[in-house]
Amino acid sequence: MQKVLERAGYTEITPTASVDTNRHGGRAKCLQRLIRLDMPVPRTLALDFDTVREISLGKLPDIPSILGLFDRPLLSVRPSSEDADWGGPSAILNIGMNNEKHRKLAESHGEDAANALYLRFIRSYAIHVARLDPDEFELTGASDGRALEHALTIYEEETDEYFPQDIGDQLSEVLRSMARAWEGTTARLLREARGAPKDAGLGLVVQEMALGVGKGPSGSGVIQFVNGQSGEREVRGRYMARSQGRDALVDKNEREVIYLAKDERGPSVEDRLPAAYADLMRYGDLCRNRLREEMQIEFTIENEQLHILDAVRVSRSPRANLNIAVALAQDAIISEEEAVMRVPPRSLTEMLHSQVDPNGPRDAIAKGIAASPGAATGKIVFTSRGAQALAAQDEDCILVRRETTPEDIRGMHAAKAVLTERGGITSHAAVIARGLGLPCVVGASSIKLDRKNKVLRTADGRTFAEGEVITIDGSAGEALSGAAEMLEPDLGEAFQTLLSWADNARDIGVRANADTPADAAKARTFAAEGIGLCRTEHMFFEQERLLAMREMIFADTPEDRRAALDRIEPMQRADFIELFEIMSGLPVTIRLFDPPLHEFLPHAREGMVELADALDLAVSDVTRRVEALSEFNPMLGMRGVRLGVTVPEIYDMQARAIFEATIEASKTGAPVVPEIMIPLVSAKREVEIVKSRIDSVAAQVRVERGVKFDYRLGVMVETPRAALRAGEIAQHAAFLSFGTNDLTQMTYGLSRDDAGRFMGQYVSQGVYEEDPFHTLDIDGVGELLQMGAERGRASNPDATLSICGEHGGNPESIAFCRNAGFDYVSCSPFRVPVARLAAAHLAIHDRGAARSRVTR
Ligand code: PEP
Ligand code: MG
């Protein structure tokens, strides 16, 4: 019999029927599981994907024989796609209601119940099947006879037909409209955006209605056993009593809605129907233990008799999802690895930062690139100095700039969030903000900054003056007017537990990009396995250091330069000692100075005057010098190793500071083996020159201090030529770290600071699939990485390979680096948890695939 039904395109769901998620959809499969668990599910049929596809083309299954399988008079049809997240047409209930049944129901169960059921059916049939205007069928006021009459009249006027009375006709039309809705363009685009394949199918389940109306205690409800926001175990849901007459289930105030669990506010199912309530509790436990999931159960009670109509996964916040997964694993219901796999890596971001409450009011005033996640509220300031002044008064502020430069670092430290008019995902503002964990929106090109009048103008003509409050939503890439409602971050115990399970599973290292002791401390909090990139130039924006640096740049003679560097060296040494101590034995990669020198010089006249004062020079001297150092294209100018080759004293000073810090930190803590990294290399000879100087500084320090120490010298591969010549470069390098920010910039010939202006258009027109500064370009930049890694490894098999560009924290880039045999990825501290989890997903996924190959 079962086989016959299957051939007809539908299957009665029984414990042994052949029902598959990939043929009948997840809901059908879930219903079968409930039936196997002996839950009282009304008789249900599953229509498979092929059948539904045929229905959409006009070929209906044998409706009379379907109807013949059911005993009860009313039916429901619900969608059953392979993955519930792909959506589907709305369920239609009470199919079969007509004038005759309405009359009988009114006699047996009362007018109210009959009117409500019929009216609901007319409404959903009119809207979803006949496609009439929903406003016309708005359920306002009572579901009395007049409302019913009205709905039927509108239906007839709009369609020129009587409301269908035959259950066969009704069911045919419902099936047809649901099948067609699935094939519609909007539905297809929507589900494809949620990851559904192009040919995703829809199954349908047809079920006898257990109405939840009766002479005795009756009603309908949904119940779940966890809180969907927090993930904590608690009974939640609602129950609507629907009994004939005003029986015991109506509370003192004649309200019909009562509570599920005991509640002092009114009568509860637990009080009044203890047996049904106990069964619901038992079914909740069964779902959790056997379906290994927290489910929301839809049920009805008819004359005290419980029916389970459906169960779906409880919809939940990312935090609840994590807490639920950890609790299930701790109760040994799922494995630790499965818990890890149930948490999408990017969902952690929400837990690490404050978020704008999605349910609160939202008044967006600008849209840009979501450069650093989280949200913060504060008063607008337009200068770094303004930010520092407000921070000194303990006032929260938002730094709003056309774009930021290294001079803004202190302002960024003082601000709660940053908004820039220009810039892309790897622009200065974006990189620094991610490092600091500050919410940041860059490239908000619709705003105009009027610095003279200290106002920000938005595209819709509004103005916001300095001191006015705004909110930056760095996760959505928006600035909002006023103080938005917030959800605070909270790294609970479950978060740490899940990440420790992820660490057990993963097979690629995760380090942090950290420039300051505060960053390093954050890196440790997030269990980074070391520092993969310390951008030393970021250590130089404190007032005192900046001045010493400027003196060094302005020095006319080697002696003057030496004197300035001698002032800087102890500061650097102290920085490194602190970093080594915080990281206590974990590897620390220190990158030698990278940026163009002129970035350390003031740009505004104010700053020039200040500098002239400090150095006892004429302002004109300062201006001339700044002009002489300025370059047309500084990103491709005197920066990185070029500075090391032409002004070698700077790298000498840094090397000495590193080695002396190594000796100091090793005295008290674990032995330190510093990793020194040379930036912007494009030729082997650059490495040779720098290496020989650093080796000789090391030799000098060893002799002077009489102490032995080791260090590793490596190269940052961030120019296309370095990737191409990685073979010969690796011969002189203990490690190669790929700087994908510059590598992307140079491979595309695309300025990382200016691309924001047109990137939106480029992506929306499909020129680039994604912003390549955001998502690693596997085809182009990726080929250079692959080639560089292979050539580097071939000539130096011991070389450590890693990535330290901003892409290092993206799950897709981690997959690429893992496949290319990299040893670790390095990313901003706040992205470390996401990277740890993403790496674990990849390893577990691969092991699963390998296991299934063996068993096949
Ligand atoms: C890079 O270029 O990828 C990199 C990490 O260095 P920076 O962003 O400091 O140029
Ligand atoms: Mg770089």
- Note on the structure: Measuring from the longest principal axis of the C-alpha atoms of the chain, the long axis of helix 781-795 (C-alpha) lies at a number of degrees, nearest 10, equal to 60 degrees
- Task: Compute the separation of the alpha-carbon centres of the range 642-699 and the range 529-592 and state it in Å as a whole number.
- Result: 12 Å
- Task: Using label points projected 7 Å from each Cα along Cα→Cβ, tell me how many nm separate Glu790 and Glu688, to one decimal.
- Result: 2.7 nm
- Query: So which GluC sites (Glu not before Pro) in the range 510-576 are both in a DSSP loop and have at most 16 other Cβ atoms within 10 Å of their Cβ?
  - Reply: Glu542
- Item | Computed accessible area, Phe758, all protein chains, 1.4 angstrom probe, square angstrom | 80 Å²
- Inter-probe distance in nm under a simple model that places probes 7 Å from Cα toward Cβ, at Arg451 and Asp62: 8.1 nm
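What is the extension gain from Lys198 to Asp566, computed as 0.36 nm multiplied by their sequence separation minus the C-alpha to C-alpha distance, in nm to one decimal?
Values: separation 368, 0.36 × 368 = 132.48 nm, distance 6.53 nm.
Roughly 126.0 nm would be gained on extension.
Arrange the peptides 420-426, 25-31, 705-711 so that the one whose residues have, on average, the most other Cβ atoms within 10 Å appears first. Please report the intermediate quantities before stating the final value.
On the way: 420-426: 26.3, 25-31: 24.6, 705-711: 12.9.
Ranking the peptides 420-426, 25-31, 705-711 by packing returns 420-426, 25-31, 705-711.
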- Note on the structure: Mean separation of Cα contacts under 8 Å (at least 6 apart) over the residue count of the chain, i.e. the relative contact order in percent, is 9 percent
- Name the long-range amide H neighbours of Ser372: under 5 Å, sequence gap of 5 or more, or other chain; modelled H, no Pro or chain starts. Cys440
- Which residues qualify? For Phe738, with a placed amide H closer than 5 Å and at least 5 residues away or on another chain, they are Val717, Ser802, Ile803, Cys804
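Compute the Kirkwood hydrodynamic radius of the chain, taking the inverse of the mean of 1/r over all pairs of distinct Cα atoms, and give it in Å to one decimal. Numbers along the way, then the final one.
Working: mean 1/r = 0.0320 Å⁻¹.
About 31.3 Å for the chain.
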- Task: Would you mind calculating the gained length between Thr14 and Ile333 on full extension (0.36 nm times residue separation, minus the Cα-Cα distance), in nm to one decimal?
- Result: 112.3 nm
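Suppose accessible area is computed on protein heavy atoms with a 1.4 Å probe; arrange Arg131, Arg545 from highest to lowest.
Values: Arg131 140, Arg545 40 Å².
Greatest to least solvent exposure: Arg131, Arg545.
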- Item | 14 Å Cα-Cα reach of Lys452 towards aspartates and glutamates, excluding residues that sit fewer than 8 places from it in its own chain | Glu466
- Loop chymotrypsin sites (Phe, Trp or Tyr not before Pro), the range 113-213, which have at most 16 other Cβ atoms in a 10 Å radius of their Cβ (DSSP): Tyr162
- What list of ³J(HN,Hα) couplings, whole Hz, do you get for the range 162-171 from phi and the Karplus terms 6.51, -1.76, 1.60, once you set θ to phi - 60° and write x for glycine and proline? 6, 4, x, 9, 8, 4, x, 5, 4, 5
- Distance-filtered residues of the range 728-765 - backbone nitrogen under 17 Å, label point 7 angstrom along Arg702 Cα→Cβ: 734
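Taking a probe of 1.4 Å, how large is the accessible area per residue of the range 546-677, in Å²?
Numbers: 5470 Å² over 132 residues.
For the range 546-677, the per-residue accessible area is 41 Å².
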- Message: Just want the answer: with Cβ charges of +1 for Lys and Arg and -1 for Asp and Glu, which residue in Gln761, His774, Cys817 is farthest toward the dipole's positive end in the range 753-856?
- Response: Cys817
- Task: Which order do the peptides 616-627, 657-668, 201-212, 599-610 take when ranked by the mean count of other beta-carbon atoms within 10 Å per residue, highest first?
- Result: 201-212, 657-668, 599-610, 616-627
- Query: Which FRET efficiency value, to the nearest 0.05, is calculated for Arg180 and Ala106 with the Förster distance at 45 angstrom and r the Cβ-Cβ distance?
  - Reply: 0.85
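Can you tell me, using C-alpha contacts under 8 Å and at least 6 residues apart, the relative contact order of the range 400-537 as a whole percent? Let's see the in-between values first.
Working: 185 pairs, mean separation 20.1, N = 138.
Value for the range 400-537: 15 percent.
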- Item | List Val418, Val645, ordered by accessible area with a 1.4 Å probe, largest first | Val645, Val418
- Query: Karplus couplings for the range 536-544 from phi (6.51 cos²θ - 1.76 cosθ + 1.60, θ = phi - 60°), rounded to Hz, Gly and Pro as x?
  - Reply: 5, 4, 6, 7, 10, 9, 5, 3, 5
- Task: Using θ = phi - 60° and the Karplus relation 6.51 cos²θ - 1.76 cosθ + 1.60, list the HN-Hα couplings for the range 560-573 in order, rounded to whole Hz, with x at every Gly or Pro.
- Result: 4, 5, 4, 4, 5, 5, 4, 6, 6, 3, x, 5, 4, 4
- Residues whose modelled amide H sits under 5 Å from the amide H of Gly266, counting only those 5 or more places away in sequence or on another chain, are none
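Which of Lys379/Lys448; Lys29/Lys104; Lys59/Lys104; Lys522/Lys691; Lys416/Lys667 have a Cα-Cα distance over 29 Å?
The pairs that break the limit, which is 29 Å between Cα atoms, are Lys29/Lys104; Lys59/Lys104; Lys522/Lys691; Lys416/Lys667.
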- SASA check, Leu37, accessible area w/ 1.4 Å probe, all protein chains in place, rounded to nearest 10 Å², comes out at 20 Å²
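What number, rounded to the nearest 500 deg cm²/dmol, is the helix-based mean residue ellipticity at 222 nm of the chain, given -39500 (n - 2.57) per DSSP H run of at least four residues and division by all its residues? Mind showing how you got there, number by number?
Working: 34 runs with 372 residues, N = 856.
Dividing the helical sum by the residues of the chain leaves -13000 deg cm²/dmol.
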- Item | Degrees, to the nearest 10: 648-668 long Cα axis against longest axis of the chain | 70 degrees
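Fully extended, how many nm does the chain gain between Glu157 and Glu493 (0.36 nm per residue separation, minus their Cα-Cα distance)? List each step's numbers first, then the result.
On the way: separation 336, 0.36 × 336 = 120.96 nm, distance 6.10 nm.
Between Glu157 and Glu493, full extension yields an extra 114.9 nm.
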- Starting with the highest mean, order 438-444, 506-512, 188-194 by the number of other Cβ atoms within 10 Å, averaged over the residues of each peptide. 438-444, 506-512, 188-194
- Note on the structure: For the pair Gln761 and Tyr748, the simple spin-label estimate (label points 7 Å beyond Cα toward Cβ) gives in nm 1.5 nm
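Among DSSP beta bridges lying fully in the chain, give the percent that are antiparallel, nearest 5. Walk me through the intermediate numbers first.
Numbers: 63 of 100 bridges.
So the antiparallel bridges in the chain amount to around 65 percent.
The values are calculated or read from the model by the stated rules, or taken from the named source; none is laboratory data. This is a predicted model, so every value here is computed, not measured. As a convention, Cβ positions derive from the backbone with ideal geometry for all residues, glycine included, and neighbour counts pool all protein chains shown. Just so you know, the surface numbers come from the protein's heavy atoms only, side chains and all, with ligands and any DNA or RNA stripped out. Shrake-Rupley method; radii C 1.70, N 1.55, O 1.52, S 1.80 Å.
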